[in-house]
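**Student:** Okay, handing you the structure first.
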Amino acid sequence: MNKGLEVIEAHYLFGMNYDDIDIVIHPQSIIHSLIELQDTSVLAQLGWPDMRLPLLYALSWPERIHTDWKPFDLVKSGDLTFREPDHEKYPCMQLAYAAGRAGGSMPAVLNAANEQAVALFLEEKIQFLDIPKLIEKACDKHQPDNCESPGLDDILAADKWARQEVLEASEVLGDRILSVR
């Protein structure tokens, strides 16, 4: 889901069309972001597999803040590999694209449903593979508002609704899980 949420972020932060945002799996986590320009050149932000620098950059832009962190070393970083995502193995990515394209309050529903489902998993009330199922149920049941730009009250209401929806749907799953154990 994290990659899917990043797609929605890229859409809103950079005004990108969802069809122009691709997910690429990079296991080493050295490249934190990249963008292909119209001349096909690619600009990337690289660093150690640590989110401190990308967060610092995002929070301090356009300024650069000096740190005493260990400098990045391309030689020590090792090989960089990339692969396409396995959408069957990671169904939440497609749920995020769909929620983003739906717009309105749907991204808020997706996020809240994800957070609630993950919390239930961490509490051992649902199984891991139930997470995308619960998210999808909440998104399918949500009647998105027709406004293109929901206000804060709309987003908070959608968030609250989605969390409750996941809790209610998980009770059915909980009954199933308890009967299996």
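A short reminder: the numbers here are calculations on the coordinates, not readings from a lab. The structure presented is a predicted model; accordingly, all values stated were derived computationally and were not measured. Cβ sites come from the backbone with ideal geometry, for glycine too, and all protein chains shown count toward neighbours.
**Student:** What is the set of long-range amide H partners of residue 33 at a cut-off below 5 Å, with H atoms built 1.01 Å from backbone N?
**Tutor:** Residues meeting the amide H criterion: 45.
**Student:** Given DSSP loops and a limit of at most 15 other Cβ atoms within 10 Å, what is the longest stretch of the chain that contains no such chymotrypsin sites (Phe, Trp or Tyr not before Pro)?
**Tutor:** 1-68
**Student:** Right, here's the next one. Starting from segment 34-100, pick out the GluC sites (Glu not before Pro) whose DSSP state is loop and whose Cβ has at most 11 other Cβ atoms within 10 Å.
**Tutor:** Details: sites: 36, 63, 88; in loops: 63, 88.
Filter output for segment 34-100: 63, 88.
**Student:** If you find the alpha carbon centre of segment 23-64 and of segment 78-108, how far apart are they in angstrom?
**Tutor:** Rounded to whole Å, the Cα centres lie 18 Å apart.
**Student:** How much net charge surrounds residue 95 when only the other residues with a Cβ under 14 Å from the Cβ of residue 95 are counted, with Lys and Arg +1 and Asp and Glu -1?
**Tutor:** Combined, the nearby Lys, Arg, Asp and Glu give 0.
**Student:** Out of residues 5 or more away from residue 125 or on other chains, whose amide H comes under 5 Å of its own, with H placed 1.01 Å from N in the peptide plane?
**Tutor:** Placed amide hydrogens put nothing under 5 Å from residue 125.
**Student:** Kindly express, to the nearest 10 degrees and within the range 0 to 90, the angle between helix 130-141's C-alpha long axis and the longest C-alpha principal axis of the chain.
**Tutor:** That helix lies at roughly 70 degrees to the long axis.
**Student:** For residue 171 paired with residue 88, estimate the spin-label separation in nm (one decimal), with each label point 7 Å from Cα along the Cα-to-Cβ line.
**Tutor:** Result: 3.6 nm between the two label points.
**Student:** Taking the square root of 5 times each eigenvalue of the Cα gyration tensor, what semi-axes in Å does the equivalent ellipsoid of the chain have, largest first?
**Tutor:** 33, 21, 16
**Student:** With axes computed from alpha carbons, what is the tilt in degrees of helix 2-14 against the longest principal axis of the chain, rounded to the nearest 10 within 0 to 90?
**Tutor:** Helix 2-14 and the main axis of the chain meet at about 70 degrees.
**Student:** Which FRET efficiency value, to the nearest 0.05, is calculated for residue 66 and residue 14 with the Förster distance at 30 angstrom and r the Cβ-Cβ distance? Could the numbers behind the result be given before it?
**Tutor:** Details: r = 27 Å, r/R0 = 0.89.
Between residue 66 and residue 14 the formula returns 0.65.
**Student:** While we're looking at this one, here's another question. Enumerate the calculated ³J(HN,Hα) couplings along segment 78-84 in order (Karplus 6.51 cos²θ - 1.76 cosθ + 1.60, θ = phi - 60°), each rounded to whole Hz, writing x wherever the residue is Gly or Pro.
**Tutor:** x, 5, 10, 10, 9, 8, 6
**Student:** For the chain, what does the helix formula give at 222 nm: sum of -39500 (n - 2.57) over DSSP H segments with n ≥ 4, over the residue count, nearest 500 deg cm²/dmol?
**Tutor:** Helix-only estimate at 222 nm: -17000 deg cm²/dmol.
**Student:** A further question follows. Of 3/125; 3/89; 3/141; 89/133, which sit over 20 Å apart, Cα to Cα?
**Tutor:** Correct reply: 3/125; 3/141.
**Student:** How tilted is helix 152-180 with respect to the longest principal axis of the chain? Cα atoms for both, answer in degrees (0 to 90, nearest 10).
**Tutor:** 70 degrees
**Student:** Another question, then. Per 0.36 nm of contour for each residue apart, how much would the distance between residue 46 and residue 128 grow if the chain were fully extended, relative to their Cα-Cα spacing? List each step's numbers first, then the result.
**Tutor:** Numbers: separation 82, 0.36 × 82 = 29.52 nm, distance 3.15 nm.
Gain on extension, residue 46 to residue 128, equals 26.4 nm.
**Student:** While we're looking at this one, here's another question. If you add up the charges near residue 13, with Lys and Arg at +1 and Asp and Glu at -1, over every other residue whose beta carbon is less than 14 angstrom from its beta carbon, what do you get?
**Tutor:** For residues surrounding residue 13, the net value is -3.
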